[in-house]
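Engineer: Here's a structure for you.
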Amino acid sequence: MRPAHFHAYHWQGERRVFDQESARRPGTPEFLTNRCTPMRLADWLLRPATSITRTCQDAPGAAAWFRREMARAAPAFAVDHDRATAEPRAAAAADALARGRDVHAGWYLRGTGFLTLDVIACSPNATVPDHPCPLTRTQGYPVMSGT
C-alpha cells in the first residue's frame, strides 16, 4: 500500500546532541521535545506535528525537497566525498520514496555540526503501519503541501 503523503524533517545541531541516543528513543522524558532524528526513523510520527518541516503529497515532491535541502547544505559538508556523492544519494532517495520507503541522510558539517534530513512515509508507514499521522493527532497545525 502506498503512503498517502510524506513528512519531511530537517535537523541541524551539534554532534554531541546527535550522539545522545537515549533522548532519541520513545518512552524517555526528552523524546517528544527533542528535535533530533529519532533512533528509529518512523518514530518521527510519534512526535508533535510542529516537528514537521514540510508535508509533501507525493514521492516526487518529497524527493525534490530532499534534493533541494541537500544542495543547500552541501557547501558546509565537512568531507569532500559527501559533496561529490550528493547527486547519486539524491537519486537513491527518490527511488526509495517512489517505493514508499523512508529516507534518512546525515552529514558532518564543518566545525562541530551535524545535519540530518529525513522523509517519512505516512498513512501508512511501511515499517510501523500503526503509527498515526501527527497531523491527525493534533488540530490547528498547518500542512505545507507540494514541493
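The values are calculated or read from the model by the stated rules, or taken from the named source; none is laboratory data. Keep in mind it's a predicted model, so treat the numbers as computed, not measured. Every residue, glycine as well, gets a Cβ built from its backbone with ideal geometry; the counts of neighbours run over all protein chains shown.
Engineer: Would you say ASP102 is among the charged types (D, E, K, R), at pLDDT 95 or above, under 14 Å from ASN125 (Cβ atoms) and in contact with a strand residue (DSSP E or B) (Cβ under 7 Å, 6 or more places away or on another chain)?
Structural biologist: Here the answer is yes, as ASP102 does meet what is asked.
Engineer: What is the one condition in (1) under 13 Å from the mean Cα position of the chain (by Cα); (2) surrounded by fewer than 20 Cβ atoms within 10 Å (Cβ to Cβ) that LEU97 does not satisfy?
Structural biologist: Every condition holds for LEU97 apart from (2).
Engineer: Something else: Taking segment 19-50 as the search range and keeping residues that are in contact with a strand residue (DSSP E or B) (Cβ under 7 Å, 6 or more places away or on another chain) and modelled with pLDDT of 95 or more, which one is surrounded by the most Cβ atoms within 10 Å (Cβ to Cβ)?
Structural biologist: Checking each candidate, the answer is LEU45.
Engineer: Still on this structure: Check whether at least one residue in segment 1-19 is assigned to a loop (DSSP other than H, G, I, E, B), among the aliphatic types (A, V, I, L, M), in contact with a Cys (Cβ under 8 Å, 6 or more places away or on another chain) and within 20 Å of ASP130 (Cβ to Cβ), and report yes or no.
Structural biologist: yes
Engineer: While we're on this one: Name the single residue that is farthest from the chain's Cα centre (by Cα) among those in segment 103-123 being farther than 22 Å from PHE77 by Cβ and surrounded by 19 or more Cβ atoms within 10 Å (Cβ to Cβ).
Structural biologist: CYS122
Engineer: Still on this structure, I have one more. Could you list all residues from segment 43-86 that are of a type in the set (S, T, N, Q), closer than 29 Å to THR33 by Cβ and outside any helix (DSSP H, G or I)?
Structural biologist: THR53, THR55, GLN57
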